[in-house]
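Single-structure report; data block below.
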Amino acid sequence: MSLSASAPATPEAIARYEPVIGLEVHVQLATATKIFCGCPTSFGAPPNTNVCPVCLGLPGALPVLSREAVELAVKAALALNCRVRPQSRFARKNYFYPDLPKGYQISMYDEPLAENGYVDIVLEGAPKRIGVTRVHMEDDAGKLLHEGFRDSEGCSYVDLNRSGTPLIEIVSEPDMRSSDEAYAYLTEVKQRLQFIGVSTCDMEKGHLRCDANVSVRLKGAERFGTRAEVKNLNSFRFLKLALDYEISRQVALIESGGQVEQETRLYNPDTGETAGMRGKEHAHDYRYFPEPDLLPLRIDEPWLDRLRAAMPELPARKRARFIEDYGLREYDAEVLTATRAGSEYFETVATVSGDPKSAAHWVMGDLMGLLKAEGKEISESPVSARHLGELVGLTAKGELSGKLAKEVFAKMSASGEAPGAIIEREGLKQISDSGALEKAVEDAIANSPKQVEQYKGGKTTVLNFLVGQVMRATRGQANVAVVTELFKRKLG
Amino acid sequence: MRITEKEVRYVAGLANLKLDDAEVARFRADLDGILEHMDKLNEIDTAGVEPMAQVLFGQAAGLREDIPEQPLGNEAALANAPRRGPGYFKVPKVVER
Amino acid sequence: MDIASLSIDSIREGLLSRRFSAAELAADALRFAEAANPETGAYLRFSPERALASARRVDERIARGEDPGPLAGVPVAVKDVILTKGVTTTCGSKLLAGYVPPYDATAVVRMEEAGGVILGKTNCDEFAMGSSTENSAFGPVRNPVALDRVPGGSSGGSAAAVAQGTAVVALGSDTGGSIRQPASFCGVVGVTPTYGRVSRFGLTAFASSLDHIGPFARNVKDAATLLRAIAGRDVRDSTSAGVPVPDYAALPGGGVKGLKLGLPREYLKDLKSETGALISGGVDAFQRLGCEVREISLPSTDYAIACYYIIATAEASSNLARFDGVRYTSRSASSETLADMYRNSRGEGFGAECKRRIMLGTYVLSAGYYDAYYLKAQKARALIAGDFARAFEEVDAIVAPVSPFPAFKLGEKVDDPLAMYLSDIYTITGSLAGIPCMSVPCGKTAGGLPVGMQILATHFGEPVMFRVASAFEQAGGVN
């Protein structure tokens, strides 16, 4: 156990060292059933109800691999630019823990699903490639509850609903050199996997979990330092905080003449520190051997081709396409490709309206505002993409004034109707015909002699007042540009 | 001597088997004799031989479709539990953090 | 009716001609078994409700004029490592003394669908680990042929029940000889099918790549009928084979004239004299039937014991980890901490043989030893399998002894585990290769102890195996 007995590291000291970080990410696959049995993976079920002989580890039970889990895992590997092995093998990882019903996890060892991949991150404009060593499949353990019951002082409670949920483990090369790089890597991985529908990647629900391997070495040194494993990083924020703390801790330790121990440390969000876990004897002798109850997994070229063809467009490509085809700014393209649902929503609005730039404006502004106010996801949007597309299109064609469009939008979100129906019913179509507006303009001139005097006297800003009168009289339907032109013509 | 008492205790620890001193001594002797026989394998030339972990007939993988099946249910799941809480299995307190 | 000598055919004939009903037969069989059981201890418990319910279903089918199934009304005993829903299943261990499974093994389901009637669960070595059934936590089984001797193991109870007549057929399990050896010791037929022929779903795993479920019977045809009923692809067992199941019981006529049988020279070395003489006599019988018996070589035989015990114990050490006191096994009274719970529950619950094998298996997989032991054993296994593949290019089937000696006395061999392991030499080789093999009665020693003849065939070669066994049986073995 290492105590934080050394003085904290100074920024100067830290600057002399280079952190070396690798991340191990566990992602829960978005299947309806577990990896080796037909139990539902649905969240929030009462304890020990989504269980069967297989995921309970009853005697005589045997695992049967899910095709869907394999396909999602392969897609994840492809999205991370990995080479999928034609044959991979499951292996048993043996250890005892109450949340591990069989006394072993079915994972993969020396024949993983995929290897040698990478993702590209961009940090302050500078691109960097982070290697992905391997992707493999495994089954999740159950859950332990240590508090909340009368006898929680002396007992822990075991719920095996989660046992058997399909996971992939993504191991990066130790290519990251700062907590920011780690943050960017995890962001990129999360976005890609979410995008292709492999997982929700919801860290709060535990669908994405991250452990880090951290070491430091003097800048310019060739060999890696001793690394510590840091666990319990269950948010992006904690990831950054924990890594920064750990880097600092290791530097301080080395500077004061100590040695970094190869150990597992837990991040404590309350103290902001990492602490060594109590004696985990025999922790690392997992006695891996090939899983005899499963056949080797063969993924042939035709299957791989089918999966490649079924892959949705990845975020980086989509971003580039939005910029090139729709002329969007880089920032807007980033926002609109943050999630797959969002990007598809936007693209529908852009296509239906025929005006991608306005579509971007509306989606990023009014729509996002509405969703935030109502606490909804884009998939729950009260305004459908098609309808919004129609609305934006009408505005672009000049059939609806910008101001009225906002009112119509509000009505659409309340009733779910198409804009056309609302406009028709309430007669909100923008009036652009000068002939139709002539009378209203003349009325305004007649009713506002004072303002007319002011305008003729050179106070051009009073035109807004006069235009406003016409807007009120026409219940906002008048085309402002046409009205303004009419006033100018009549008043000189 | 192919296996020491220390190794016997280590292995028993890994396998979570409590052994008293007499058992440790007795099993050490048993395992020692058995492991001596296992050394026969050193005589066999296995260079270039593919390990045979399973009996394989080139069977197709037999993958499962992603269709939910009826689970056992809580009653049946807990029916043989030595100790249980309301809907849960119960174990002595796990100290980790 | 003489319960102890019923066959599947005679039961079928009796039912269809309405001489008796399945319910009557089940009741009679239970009565007979309950009365006779104390002599051998073959059964651990009876399941009368289940038996009568199955029997009634058979009677209903007959009443409706439907085919009642190939095992209609047949009283069956099931080894206690095979799970039966609602019927206590202990695997011969204190750890599962009160365990009631929530599901049936696939083999059990198929057997009952075929009309079989489960009378009860039979005693066995704890978690199928042993060759004498003396490792059961619930007392040994006595060989009905000689009550001061073991019935063999680990499926001693099933073999004894069939030999004693308290079951017509039985299900057992075989990992390294646990069906064939007790069949030989008790003088009945025992079949270990091709690996993957019968689903392992619901068989408590000992060594996953070596475990099989197989039938015991008093004649070859009944064993073949039972095998056919339970064999075939099961989606719940990823290792189960999709090869179609032929009608094993439709034994082709024409005998075995001209078939080439191989006799492994490496197996003839250490045979005890009486067994050796009987096997020799069996070989003569095959020759009289018109077979060509030639010597073959299985050169890797010497390494088979080491290979088997490394692989089997390695897999077993992992398979038995689930018996931990958490979800369904008995928990030690001294379980204050988690570590105590694990160590004491398992330490108190497992018998010595299980502990020995778990530790050996843990050792051979542990860091630093994997390559020297486990990986090396996997390569040796490939060589052993290769020996058989080459042999079957030359011969149609192989004949061999089952055990170097007949049934020994209770307590005679409990103190030398290595000696017990070494006696598995003739049976573990077939298990390692995954080929079908069976024991058929060959003859008896001067003291009246049965000795079995082993017949082995290539993968899915059960038809030729049964053909050879049946011809041998018709000829009366050595006589």
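The values are calculated or read from the model by the stated rules, or taken from the named source; none is laboratory data. Every value quoted in this text rests on a predicted model; they were computed, and no experiment measured them. Don't worry about glycine lacking a Cβ; one is built from the backbone with ideal geometry, like all the others, and counts go over all protein chains shown. Note: accessible area is taken over every heavy atom of the protein model, side chains too, but ligands, DNA and RNA are not part of it. Shrake-Rupley method; radii C 1.70, N 1.55, O 1.52, S 1.80 Å.
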Residue in segment A:312-327 that is open to solvent by less than 40 Å² (accessible area, probe 1.4 Å) and without any contact (Cβ under 8 Å) to a residue 12 or more places away in the chain present: no
query: Going through segment C:370-395 one residue at a time, which ones are more than 7 Å from every other protein chain (Cβ to nearest Cβ) and of a type in the set (D, E, K, R)?
result: C:Asp371, C:Asp387, C:Arg390, C:Glu393, C:Glu394
Qualifying helices (runs of 4 or more DSSP H) (wholly inside segment A:407-492; at least 1 residues being farther than 25 Å from A:Ser353 by Cβ and open to solvent by 40 Å² or more (accessible area, probe 1.4 Å)): A:434-447, A:449-456, A:463-473, A:480-491
field: Residue within segment B:32-41 that is facing chain C (nearest Cβ under 7 Å), more than 25 Å from C:Phe323 (Cα to Cα) and assigned to a loop (DSSP other than H, G, I, E, B) present
entry: no
- prompt: Consider A:Lys376 against the criteria (1) at pLDDT 90 or above; (2) more than 30 Å from B:Ala61 (Cα to Cα); (3) touching a Lys or Arg at 6+ places or on another chain (Cβ under 9 Å); (4) loosely packed, with under 15 Cβ neighbours inside 10 Å: it satisfies all of them except one. Which criterion is unmet?
  reply: (3)
- prompt: For segment A:73-86, does any single residue satisfy the condition of being touching a Pro at 6+ places or on another chain (Cβ under 6 Å) and either in the same structural domain as A:Leu167 (by TED's automatic domain parsing) or part of a loop (DSSP other than H, G, I, E, B) (or both)?
  reply: no
field: Residue ID - farthest from C:Ser7 (Cα to Cα), chosen from residues in segment C:201-229 that are charged (D, E, K, R) and open to solvent by less than 10 Å² (accessible area, probe 1.4 Å)
entry: C:Asp211
- line: A:Tyr267 vs (1) open to solvent by less than 30 Å² (accessible area, probe 1.4 Å); (2) not assigned by TED's automatic domain parsing to the domain that holds A:Lys75: all pass except (2)
For A:Ser88: the one exception among (1) away from chain C (no Cβ under 14 Å); (2) of a type in the set (S, T, N, Q); (3) open to solvent by 10 Å² or more (accessible area, probe 1.4 Å): (3)
task: Of the conditions (1) in contact with a Ser or Thr (Cβ under 7 Å, 6 or more places away or on another chain); (2) farther than 24 Å from C:Lys221 by Cβ, C:Phe32 clears all except one; give me its number.
output: (2)
query: Can you pull out the residues in segment A:207-220 that are open to solvent by 70 Å² or more (accessible area, probe 1.4 Å) and in a strand (DSSP E or B)?
result: A:Leu218
statement: When segment A:332-357 is checked residue by residue, the ones that are part of a loop (DSSP other than H, G, I, E, B) and without any contact (Cβ under 8 Å) to a residue 24 or more places away in the chain are A:Thr337
message: Looking at segment A:140-198 only, could you name the residues that are closer than 24 Å to A:Arg83 by Cα and within 14 Å of chain B (Cβ to nearest Cβ)?
response: A:Pro166, A:Gly197, A:Val198
field: Whichever residue in segment B:61-83 is more than 7 Å from chain A (Cβ to nearest Cβ) and in contact with a strand residue (DSSP E or B) (Cβ under 9 Å, 6 or more places away or on another chain) and, among such residues, is most open to solvent (accessible area, probe 1.4 Å)
entry: B:Arg83
- request: Scan segment C:337-349 and give yes if some residue there is of a type in the set (D, E, K, R) and within 24 Å of C:Arg390 (Cα to Cα), otherwise no.
  value: no
task: Being over 28 Å from C:Arg346 (Cβ atoms), away from chain B (no Cβ under 14 Å), buried (at least 24 other Cβ atoms within 10 Å of the Cβ) and in contact with a strand residue (DSSP E or B) (Cβ under 7 Å, 6 or more places away or on another chain) narrows it down to one of C:Val169, C:Val150, C:Val108, C:Val78, so name that one.
output: C:Val169
query: Going through segment C:306-359 one residue at a time, which ones are touching a residue at least 12 places away in the same chain (Cβ under 8 Å), more than 10 Å from chain A (Cβ to nearest Cβ) and among the basic types (Lys, Arg)?
result: C:Arg331, C:Arg356, C:Arg357
query: Which ones in segment C:187-208 are in a loop (DSSP other than H, G, I, E, B), more than 14 Å from A:Pro63 (Cβ to Cβ) and of a type in the set (S, T, N, Q)?
result: C:Thr194, C:Thr204
message: I'd like to know if segment A:14-29 contains one or more residues that are surrounded by 24 or more Cβ atoms within 10 Å (Cβ to Cβ), more than 30 Å from the chain's Cα centre (by Cα) and among the β-branched types (Val, Ile, Thr).
response: no
- prompt: A:Val25: touching a Lys or Arg at 6+ places or on another chain (Cβ under 9 Å), among the β-branched types (Val, Ile, Thr), within 25 Å of A:Ala184 (Cβ to Cβ) and touching a residue at least 40 places away in the same chain (Cβ under 8 Å), yes or no?
  reply: yes
task: Look through A:Ala13, A:Ala9, A:Ala69 and report the one residue that is in contact (Cβ under 8 Å) with a residue 24 or more places away in the chain, touching a strand residue (DSSP E or B) at 6+ places or on another chain (Cβ under 8 Å), among the hydrophobic types (A, V, I, L, M, F, W, C) and farther than 25 Å from C:Val81 by Cα.
output: A:Ala69
- line: Counting only residues in segment B:2-54 that are closer than 22 Å to A:Phe289 by Cα and of a type in the set (S, T, N, Q), the one nearest to the chain's Cα centre (by Cα) is identified as B:Asn16
Residues located in segment A:66-82, provided they are at the interface with chain B (Cβ under 9 Å from one of its Cβ atoms) and open to solvent by less than 10 Å² (accessible area, probe 1.4 Å): A:Ser66, A:Ala69, A:Val70
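Per-residue answers, yes or no, for (1) assigned to a helix (DSSP H, G or I); (2) surrounded by fewer than 18 Cβ atoms within 10 Å (Cβ to Cβ):
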position: A:Tyr157; (1), (2): no, no
position: A:Asp180; (1), (2): yes, yes
position: A:Cys201; (1), (2): no, no
position: A:Glu222; (1), (2): no, yes
position: A:Lys231; (1), (2): no, yes
position: A:Ile247; (1), (2): yes, no
position: A:Gln250; (1), (2): yes, no
message: Taking the criterion of being surrounded by fewer than 18 Cβ atoms within 10 Å (Cβ to Cβ) and of a type in the set (Asp, Glu), would at least one residue in segment A:351-368 satisfy it?
response: no
